[in-house]
Amino acid sequence: MKKLLTFCLIFISTILFSQKYAEVALTPPMGWNSWNKFACNINETIVKEVADAMVTSGMKDAGYEYIVIDDCWQIDRDSIGNIIIDPDRFPSGMKSLADYIHSKGLKFGIYSDAGIKTCQGRPGSRGYEFQDARTYAAWEVDYLKYDWCYHGKQNPEASYSLMRDALALAGRPIVFSICEWGSNKPWLWAKDIGHLWRTTEDILNCWDCKEDWGGMGWPLILDKQDGLEKYAGPGHWNDPDMLEVGNSGLTFIESKAHFSLWCMLAAPLMAGNDLRNMSEETRDILTNKEVIAIDQDALGKQGFKIIDEGDFEIWKKPLINGDIAICLFNRGKKTIEKEIIWDELNISKNFEIRDLWMKKNIGKTNNNFKTEIVSHSVVMLRLSLKKL
């Protein structure tokens, strides 16, 4: 009887999840996460100021909506198991902070872990999944990033399914971000569990560096996305991790290439810089609506690599209404001059060509396309059957 009741609970919660979440994350989520810039040095003043900056910078108008607090907001549990917020860093509480963020027309996100502790040693949700989910719903949370530290011998599919069920029963649609680092190939099992799933270890603030524990620069993460495109689509996205655009480890050109290729991947666009004092160059990258439109395209296709010549790559992304996005990527140390013969890419002669960073039309595909691509940069094009 107990097993039957458990099965019925899971069955019902799965149906509730699919019903309540049917319209959630139909395009890749866009927002900001505190970790890449602030790590544990986060508090409610910073979060409120970042929310303000998301509005005043034009990012909200460009489509960004989630403000997500990562690790280190929680410090303990009380005598009945309720999670305790750090009172020094968040004296007003999470419901008050959520209200402030919602008043800006934005949405509020939070972080926890499937294990007994978070990655920074704070209390995780293992054994408290349903209690935590009810708490998040009461705080009016809109997004949960759920990590994979201190998991012991837990089964990831079962652990993430348990929190999915808890969120469904809590009664509030919450974007569920699975941060399992790709260790157990979540793209094979996570489609009906979460809305997005990490495909690799953490992104690092650098070009192509790599740490022994698995963290790496974005071009190395990019390499690991090739072949995963068939698993992504509306409501279920591969997540190559948050953006490092605007952080000190990347040049302007590298940041622009990073943003371009994340948009080609239909990746969640979670900014990781300090929005309060970003440069005009950084703001221009993050708010380029024509490039963002590639990421947010309603067809929901992830881009894929069609040419690999070592230092030179071409990525292609099918778009709605028969349009195509093309990204020419120079990952080498020298400028490359290229002539693109469209027939060789199986692209007809009927497309208008628009350069999405120059923001201008540059011809049609009835002629070969010649261009120069600076080291570590991209040329990003939209090919359209209609006049752009």
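What to note about this one:
- Residue 178 crowded, with 23+ Cβ neighbours inside 10 Å, modelled with pLDDT of 95 or more and more than 17 Å from residue 259 (Cα to Cα): yes
- Out of 181, 213, 218, one residue alone is more than 28 Å from residue 142 (Cβ to Cβ), assigned by TED's automatic domain parsing to the domain that holds residue 31 and of a type outside the set (Gly, Ala, Ser). It is 213.
- Candidate set: segment 236-256, residues that are in contact (Cβ under 8 Å) with a residue 60 or more places away in the chain and part of a loop (DSSP other than H, G, I, E, B); chosen: the one surrounded by the fewest Cβ atoms within 10 Å (Cβ to Cβ): 251
- Residues in segment 186-244 that are more than 25 Å from residue 320 (Cα to Cα) and polar (S, T, N, Q): 199, 200, 205.
- Selection from segment 349-388 of residues that are over 30 Å from residue 206 (Cα atoms) and assigned to a loop (DSSP other than H, G, I, E, B): 349, 350, 351, 365, 366, 367, 368, 385, 386, 387, 388
- Extreme residue, farthest from residue 255 (Cα to Cα), among residues of segment 313-342 that are small (Gly, Ala, Ser) and in contact (Cβ under 8 Å) with a residue 60 or more places away in the chain: 322
- Test for residue 142: is it out of contact with any Ser or Thr (no Cβ under 9 Å at 6 or more places or on another chain) and at pLDDT below 95: no
- Among residues of segment 192-224, those that are in contact with a helix residue (DSSP H, G or I) (Cβ under 7 Å, 6 or more places away or on another chain) and charged (D, E, K, R), counted: 2
- Any chance residue 36 is modelled with pLDDT of 65 or more and not in a helix (DSSP H, G or I): no
- Condition check for residue 233: surrounded by fewer than 20 Cβ atoms within 10 Å (Cβ to Cβ) and more than 21 Å from residue 39 (Cβ to Cβ): yes
- Test: residue in segment 335-347 that is in contact with a strand residue (DSSP E or B) (Cβ under 7 Å, 6 or more places away or on another chain), of a type in the set (Ser, Thr, Tyr) and surrounded by 13 or more Cβ atoms within 10 Å (Cβ to Cβ): no
- Hey, residue 260 buried (at least 20 other Cβ atoms within 10 Å of the Cβ), free of Cβ contacts under 8 Å to residues at least 40 places away in the same chain and in a helix (DSSP H, G or I) or not: no
- Residue within segment 79-97 that is modelled with pLDDT of 95 or more, in contact with a Gly (Cβ under 6 Å, 6 or more places away or on another chain), within 24 Å of residue 37 (Cβ to Cβ) and acidic (Asp, Glu) present: no
- Some residue of segment 150-163 being assigned by TED's automatic domain parsing to the domain that holds residue 32 and touching a Cys at 6+ places or on another chain (Cβ under 9 Å): yes
- If the condition is being in a loop (DSSP other than H, G, I, E, B) and either in contact with a Pro (Cβ under 7 Å, 6 or more places away or on another chain) or surrounded by 18 or more Cβ atoms within 10 Å (Cβ to Cβ) (or both), then segment 71-123 contributes 71, 72, 73, 89, 90, 106, 114, 115, 118, 119, 122.
The values are calculated or read from the model by the stated rules, or taken from the named source; none is laboratory data. Keep in mind it's a predicted model, so treat the numbers as computed, not measured. Here Cβ is always computed from backbone atoms with ideal geometry, including for glycine, and neighbour counts include all displayed protein chains.
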